[in-house]
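Working notes, beginning with the structure itself.
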Amino acid sequence: MARLVMTGVTAASARGPAHRTNQDAYLARRRRGLDLLAVADGVGGGAAGEVASALALQTFAEALQREVARGRPLTAAAAAATFRATEKVQAAQDRLSSARQTMATTLTAVCLRNGEAVLAHVGDSRAYLWREGSLTVLSEDHSVAAEMARAGAPSAGHRALSVLTQAIGAPGLHPQVRPVTFQAGDVLLLCTDGVHKALPDASLAALLAGGEPAADAVRQAVVAGSRDDVTAVAAYLTLPRRDRFRSWILTAAALAAGASLALAGAWQDTFLGLSGGQVALFRGMRAQVAGIRLHHAQRVYATSADDLPPLYRELLAQGLPVRDEGHALRILQQIPRRAP
């Protein structure tokens with residue numbers, strides 16, 4: 001496969017009317033020659049679903065970068081990163097056992113590096129490829145409905161059709177991790193089930209032929225009556241040009257629900273963290289260079305880290321991605337407090 005890069009990346013997300021919070025997350029970034037596009041759809045009560053999806057994407061991206069830096073082939077690196085993500089979510093679930101909350105998430109990612117391309121997939125979010133007017137689903141749904149369809153079993157009236165058979169954070173993980181072949185001019189769309197269950201393939205194909213496929217997919221899914229959270233991220237695959245090798249990063253933190261953002265060298269995150277023992281909202285990169293922090297506190301809240309369970313203190317110490325200040329406040333309100 002020729003060496004390709006992701007360009008013209010766009011993303012959009014909106015909370016479903018059936019949910020109190022948006023439990024979807026997405027990530028798209030280029031770092032050190034590695035392009036990554038991913039979505040996740042969290043499952044769990046309270047803030048657990050939002051934490052699971054954000055934690056899985058963050059862990060997957062960081063583990064993938066480490067494995068590639070160690071010289072592992074991209075497919076092996078993606079597989080290792082997928083299992084690391086599920087271990088991290090399982091550990092978080094164990095820490096929340098006293099609250100009896102479910103914590104799991106889907107994860108669908110496409111990675112590009114040095115002429116290699118890999119799909120890593122768990123759950124029922126989807127990866128689509130649009131090529132020369134034809135739409136192909138790259139991923140396999142891990143759900144009761146999909147398993148019954150593949151087995152040729154009738155599913156009409158089955159009560160558990162939407163139940164996942166594979167999820168990040170669930171035991172017995174068997175992810176779909178495989179090489180894929182792309183060519184210049186291909187368009188990728190990754191989306192959660194709130195999108196693909198609301199829109200037929202013909203509609204998605206028409207959207208991918210347009211200029212803002214992610215935003216259009218989310219808008220049309222909402223109009224079509226989707227009750228679920230809806231999230232989509234799209235990218236065009238092109239031959240590299242020198243001016244396209246600037247680092248870029250885009251996360252759900254950079255996007256208010258329902259809006260779209262074209263990637264143009266953006267690198268800032270919005271995340272919840274700790275400042276002087278208090279919970280704070282930060283902007284910038286969750287990193288330091290030569291001892292200099294690349295982020296700053298926009299707002300410091302009255303919530304003390306000492307009042308939070310150990311799991312959430314650990315997540316905040318690492319930086320918990322959020323979409324905006326309103327999203328940050330909703331998560332803060334749902335995090336349980338330690339008993340006095």
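Residues that are of a type in the set (G, A, S) and either part of a helix (DSSP H, G or I) or open to solvent by less than 20 Å² (accessible area, probe 1.4 Å) (or both) within the range 193-211 comprise G194, A202, S203, A205, A206, listed in sequence order. Only one entry of L329, L250 meets the criterion of being modelled with pLDDT of 75 or more and under 19 Å from E50 (Cα atoms), and that entry is L329.
Just checking, does the range 67-76 include any residue being within 20 Å of G123 (Cα to Cα) and open to solvent by less than 10 Å² (accessible area, probe 1.4 Å)? Checked the range 67-76: no residue is within 20 Å of G123 (Cα to Cα) and open to solvent by less than 10 Å² (accessible area, probe 1.4 Å). Looking at (1) hydroxyl-bearing (S, T, Y); (2) touching a residue at least 60 places away in the same chain (Cβ under 8 Å); (3) open to solvent by less than 10 Å² (accessible area, probe 1.4 Å), which is the only condition S53 fails? Among (1) hydroxyl-bearing (S, T, Y); (2) touching a residue at least 60 places away in the same chain (Cβ under 8 Å); (3) open to solvent by less than 10 Å² (accessible area, probe 1.4 Å), the lone unmet condition for S53 is (2). Anything in the range 216-236 that is in contact (Cβ under 8 Å) with a residue 60 or more places away in the chain, surrounded by fewer than 24 Cβ atoms within 10 Å (Cβ to Cβ), out of contact with any Lys or Arg (no Cβ under 8 Å at 6 or more places or on another chain) and not hydroxyl-bearing (S, T, Y)? List them, or say none. Scanning the range 216-236 gives R219, V222, R227.
Exactly one residue among T165, T136 is touching an Asp or Glu at 6+ places or on another chain (Cβ under 9 Å) and of a type outside the set (K, R), and that residue is T165. The residue of the range 107-125 that is farthest from the chain's Cα centre (by Cα), among those that are of a type in the set (D, E, K, R) and open to solvent by 50 Å² or more (accessible area, probe 1.4 Å), is E116. From the list A117, A127, A109, the lone residue that is touching a Pro at 6+ places or on another chain (Cβ under 9 Å) and touching a residue at least 24 places away in the same chain (Cβ under 8 Å) is A117.
Reported count of residues in the range 103-162, each being at pLDDT 90 or above and either over 30 Å from Y312 (Cβ atoms) or of a type in the set (S, T, N, Q) (or both), is 27. Identify the residue in the range 237-247 that is open to solvent by 10 Å² or more (accessible area, probe 1.4 Å) and outside any helix (DSSP H, G or I) and, among all such residues, is modelled with the highest pLDDT. Residue satisfying both the conditions and the ranking: T238. Could you check, for the range 32-41, whether at least one of its residues is out of contact with any strand residue (DSSP E or B) (no Cβ under 7 Å at 6 or more places or on another chain), surrounded by 24 or more Cβ atoms within 10 Å (Cβ to Cβ) and at pLDDT below 95? No - not one qualifying residue is present in the range 32-41.
When every residue of the range 77-97 is checked against the conditions, at least one turns out to be under 30 Å from L239 (Cα atoms) and open to solvent by 10 Å² or more (accessible area, probe 1.4 Å). When the range 286-320 is limited to residues that are part of a strand (DSSP E or B) and modelled with pLDDT under 75, the one that is farthest from the chain's Cα centre (by Cα) turns out to be I292.
The values are calculated or read from the model by the stated rules, or taken from the named source; none is laboratory data. Not measured: the values here are computed from a predicted model. Note that each Cβ is placed from the backbone with ideal geometry, even for glycine, and that neighbours are counted across all protein chains shown. All accessible areas refer to the heavy atoms of the entire protein, side chains included, with ligands and DNA or RNA removed. Shrake-Rupley method; radii C 1.70, N 1.55, O 1.52, S 1.80 Å.
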